[in-house]
Amino acid sequence: MNMLVDGQWTRDAYESTNEDGEFERSETSFRSYVEGVPPEVRGWGDPDAPASFPVESDRYHLYISRACPWAHRTALVRRLAGLDDIISLSVVEPERYDEGWQFSDEYPDPINSFDSLYETYAHADPDYTGRVTVPVLYDRATETVVNNESAEIMRMLDVGFHSLGNGVDLYPEGVRKEVDDLIDEMYEPVNNGVYRAGFADSQAAYDEAVDDLFATLDRFEELLGERRYLAGETLTEADLALFPTLVRFDHVYHVHFKCNRRAIHEYPNLWNYTKELFQLPGVAETVNTNHVTRHYYRSHGSVNPKRLVPTGPEIDFSAPHDRDRLAGGPPADLVDGAAPADD
């Protein structure tokens, strides 16, 4: 796969699978925090990481891809926490080839007018070596990348920028440990598990990934039969970490990544839960199925050599759901202040 090496864009610089054919996701590199995110609320994040970036309006920019589930989770928090006018956002081209994530006339870079996202990384660190991924939280004032780890950006937008938002609290006291545990529990078997299955280079690696994936989906299906949301009656970051995988599942992971033991719409609780989240004010505007399908089926030539994009399935996320049968509901601040249209 392609990456920056000492600030230079290099093709085929590393292998994404190990000698056993298992997909291995590389670590993200920029891991600083904004002020107001103390060590005790960083979950899995480094408690000693610097937090020297001040919380200010109109200073930070979020680079995302509408196709990428990791970027999607940060766009969801930005939207639901009411930070649209606080943190600007831009989108890269959905398809990714030899030059990595690209900007274009339709999807320009509003900050530095670069052609490629790797230029943003090299601008922040001219000697940078590593992958170029989304999301990216960028600081205009110091012209550097604050953080490119999605879970940590979620926490910063939710907790660090809370005073500038709409009052929605996605990391409420009383369930914080459970939220962290849930995000940790879903990461390897579900969020990353679909990639472990899709990019596996051996039958054993694929089988293990699929077994892990559906064991965890079955566990969440049972949990959501008793709870409105993953952590109970309240919407949290854990739900926004799971939703991007669920909303992509039947369109791409089920077929493209061979995760076809069962579709999400065949799980009664997970399917109704996915529909409820999709129908929350502002969420639908963060979902772009066209970008999702174009990215996965055209960008992954090793998985889909002819790069043909399927026309289905027809999935209606706006159909009625049954989640009102369970106690709880969306945050009042979210319902009372419906979000504006997305960027």
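Tabulated values for the structure
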read-out	value
Members of segment 88-100 found to be in contact with a Ser or Thr (Cβ under 9 Å, 6 or more places away or on another chain) and more than 20 Å from residue 140 (Cα to Cα), listed by number	93, 94, 95, 96, 97, 99, 100
Counted residues, segment 151-183 - those being part of a helix (DSSP H, G or I) and touching a residue at least 24 places away in the same chain (Cβ under 8 Å)	19
Unmet criterion (only one of (1) within 21 Å of residue 54 (Cα to Cα); (2) over 20 Å from the mean Cα position of the chain (by Cα); (3) not assigned by TED's automatic domain parsing to the domain that holds residue 110) for residue 169	(2)
Segment 212-225, subset among the aliphatic types (A, V, I, L, M) and assigned to a helix (DSSP H, G or I), residue farthest from residue 310 (Cα to Cα)	223
Helices (runs of 4 or more DSSP H) enclosed by segment 226-324 - at least 2 residues per element that are of a type in the set (A, V, I, L, M), outside the structural domain of residue 93 (by TED's automatic domain parsing) and touching a residue at least 60 places away in the same chain (Cβ under 8 Å)	237-248
Residue count, segment 218-249 (criterion: in contact with a helix residue (DSSP H, G or I) (Cβ under 7 Å, 6 or more places away or on another chain) and either buried (at least 20 other Cβ atoms within 10 Å of the Cβ) or farther than 21 Å from residue 315 by Cα (or both))	21
For residue 155: the one exception among (1) surrounded by fewer than 23 Cβ atoms within 10 Å (Cβ to Cβ); (2) within 29 Å of residue 290 (Cα to Cα); (3) not acidic (Asp, Glu)	(1)
Some residue of segment 331-340 being within 22 Å of residue 233 (Cα to Cα), assigned to a loop (DSSP other than H, G, I, E, B) and either acidic (Asp, Glu) or at pLDDT 95 or above (or both)	no
Criterion: acidic (Asp, Glu), modelled with pLDDT of 90 or more and either surrounded by 13 or more Cβ atoms within 10 Å (Cβ to Cβ) or in a loop (DSSP other than H, G, I, E, B) (or both) - qualifying residue of 58, 46, 20	58
Failed item in (1) at negative phi; (2) surrounded by fewer than 18 Cβ atoms within 10 Å (Cβ to Cβ), with residue 293 passing the rest	(2)
Flag if residue 76 is out of contact with any Pro (no Cβ under 6 Å at 6 or more places or on another chain) and not in a loop (DSSP other than H, G, I, E, B)	yes
Residue list for segment 173-199, filter: in contact with a Pro (Cβ under 9 Å, 6 or more places away or on another chain) and under 27 Å from residue 16 (Cβ atoms)	191, 194, 196
Filter result for the condition that a residue is assigned by TED's automatic domain parsing to the domain that holds residue 39, part of a strand (DSSP E or B) and surrounded by fewer than 18 Cβ atoms within 10 Å (Cβ to Cβ), over 90, 113	90
Which numbered condition residue 27 misses (of (1) under 30 Å from residue 252 (Cβ atoms); (2) in a loop (DSSP other than H, G, I, E, B); (3) at pLDDT 90 or above)	(3)
Qualifying positions in segment 281-290 - closer than 14 Å to residue 334 by Cα and crowded, with 22+ Cβ neighbours inside 10 Å	283
Meets criteria (part of a helix (DSSP H, G or I), within 22 Å of residue 282 (Cα to Cα) and either in contact with a Ser or Thr (Cβ under 8 Å, 6 or more places away or on another chain) or acidic (Asp, Glu) (or both)) for residue 186	no
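The values are calculated or read from the model by the stated rules, or taken from the named source; none is laboratory data. Since this is a predicted model, take the numbers as computed values, not measurements. Note: ideal-geometry Cβ built from the backbone for every residue, glycine included; neighbour counts use all protein chains shown.
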